[in-house]
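J.: Next up is a structure, given as structure tokens.
The values are calculated or read from the model by the stated rules, or taken from the named source; none is laboratory data. Just so we're clear, the structure is a prediction, and the values are computed from it rather than from any experiment. So basically every Cβ, Gly included, is an ideal-geometry build from the backbone, and we count neighbours across all protein chains shown. To get the accessible areas, we keep the full protein, side chains included, count just its heavy atoms, and leave off ligands, DNA and RNA. Shrake-Rupley method; radii C 1.70, N 1.55, O 1.52, S 1.80 Å.
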Amino acid sequence: MSLSLPPLYAILDPEQIKGRAIEEVLRDLLRAGVKMIQLRAKSLAANEFLALANLVRSKTEAHNCRLIVNDRADIAMACNADGVHLGQDDLPLHAGRKLLGNKIIGISTHDIEQARQAQRDGADYIGFGPMFGTQTKDTGYSARGIDMLKEIRVAVAIPIVAIGGINEHNVRQVWQAGADSAAIISDILGAADIAGKIARIMQQR
Ligand code: TZP
Ligand code: MG
């Protein structure tokens, strides 16, 4: 049976929280009812990443929220996350599957061929983007846009998480184009009132 994803896929990244305490931001996300969080920590050493992942695991578990670890299958396993998110240059899916067994594996994709390949290889969902212009990550790809998202929707049956430049003002188009979920970093983590931001995003459904 295919994975069912909540409409909002929040990404928690200690580099994007504007000097706030990560525990506080996490608490805001969970109180706002977020049911899926990806932990992304590009510049933490493995021991620091794991310590953070353990903390986030205990809080997400208490709120019945799934936890996906970005990039690191080892840390996903060590903290008992629900899964891992792998990019095109991370461990290939077959290797991730050896480590993760039947846990969730998401794969970042940027075009139809990568999306089809991820589905063939057994990904549980694909990330697709960057949808719009984003400052958060230089993906090396131009904005993919709504029309390409619609093509991806037709090309694969597995769930799609759209990412890149999504905010409260454009998220509706992303859902309408067939994304199962919208991944948002800066519009949420940069908000002065995270709970209010999430409520406004969810009102767009
Ligand atoms: N992958 C593709 S775009 C992106 C990632 C991790 C960053 C998205 O961040 P934002 O701030 O929601 O545009
Ligand atoms: Mg990666």
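J.: Here are some residues: 127, 101, 106, 96. Which one is within 24 Å of residue 67 (Cβ to Cβ) and touching a helix residue (DSSP H, G or I) at 6+ places or on another chain (Cβ under 6 Å)?
T.: Of 127, 101, 106, 96, the one residue that is within 24 Å of residue 67 (Cβ to Cβ) and touching a helix residue (DSSP H, G or I) at 6+ places or on another chain (Cβ under 6 Å) is 96.
J.: Pairs needed: first member in the stretch 36-56, at pLDDT 95 or above; second member anywhere, open to solvent by 50 Å² or more (accessible area, probe 1.4 Å) and of a type outside the set (S, T, N, Q); C-beta distance under 7 Å; at least 6 residues apart or different chains.
T.: 36/66; 42/15; 43/15; 49/72; 50/78; 52/44
J.: Determine if the stretch 161-171 includes at least one residue that is at positive phi and either of a type in the set (Phe, Trp, Tyr) or within 12 Å of ligand 1 (Cβ to nearest atom) (or both).
T.: There is at least one residue in the stretch 161-171 that is at positive phi and either of a type in the set (Phe, Trp, Tyr) or within 12 Å of ligand 1 (Cβ to nearest atom) (or both).
J.: Hey, another quick one. Could you count how many residues in the stretch 56-87 are basic (Lys, Arg) and within 16 Å of ligand 1 (Cβ to nearest atom)?
T.: The qualifying residues number 1.
J.: List the residue pairs whose Cβ atoms are under 7 Å apart, where the first residue sits in the stretch 172-191 and is over 20 Å from residue 39 (Cβ atoms), the second is in a helix (DSSP H, G or I) and open to solvent by 20 Å² or more (accessible area, probe 1.4 Å), and the two are 6 or more positions apart or on different chains.
T.: Every condition considered, the pairs that remain are 173/146; 177/146; 177/150; 177/153; 178/150; 178/153.
J.: Oh, and also: Among what's in the stretch 173-195 and is among the aliphatic types (A, V, I, L, M) and either more than 13 Å from ligand 1 (Cβ to nearest atom) or assigned to a loop (DSSP other than H, G, I, E, B) (or both), pick the residue that is farthest from residue 138 (Cα to Cα).
T.: The extreme case among them is 195.
J.: How many residues, within the stretch 176-197, are within 15 Å of the chain's Cα centre (by Cα) and either open to solvent by less than 20 Å² (accessible area, probe 1.4 Å) or of a type in the set (A, V, I, L, M, F, W, C) (or both)?
T.: Going through the stretch 176-197 one residue at a time, the tally reaches 8.
J.: OK, next. Quick one: residue 137 ticks every box in (1) over 15 Å from residue 3 (Cβ atoms); (2) of a type in the set (Lys, Arg); (3) not in a loop (DSSP other than H, G, I, E, B) bar one, so which box is it?
T.: For residue 137, the exception is condition (3).
J.: Given the conditions (1) open to solvent by 40 Å² or more (accessible area, probe 1.4 Å); (2) touching a strand residue (DSSP E or B) at 6+ places or on another chain (Cβ under 7 Å); (3) not in a helix (DSSP H, G or I), which single one is not true for residue 143?
T.: (2)
J.: Then there is this: Can you tell me which residues in the stretch 127-140 are within 16 Å of ligand 2 (Cβ to nearest atom) and surrounded by fewer than 22 Cβ atoms within 10 Å (Cβ to Cβ)?
T.: Passing the criteria: 134, 136, 137, 138, 139, 140.
J.: Quick test of your reading of the structure: residue 151 fulfils all but one of (1) under 30 Å from residue 22 (Cα atoms); (2) charged (D, E, K, R); (3) open to solvent by 40 Å² or more (accessible area, probe 1.4 Å). Name the failing condition by number.
T.: (1)
J.: Name the residues in the stretch 158-172 that are surrounded by fewer than 18 Cβ atoms within 10 Å (Cβ to Cβ) and either outside any loop (DSSP other than H, G, I, E, B) or among the hydroxyl-bearing types (Ser, Thr, Tyr) (or both), would you?
T.: Correct list: 172 only.
J.: Sticking with this one: Considering each of 81, 62, 76 in turn, give the residue that is within 13 Å of ligand 2 (Cβ to nearest atom), aliphatic (A, V, I, L, M) and out of contact with any Pro (no Cβ under 8 Å at 6 or more places or on another chain).
T.: Every option except 76 fails the conditions.
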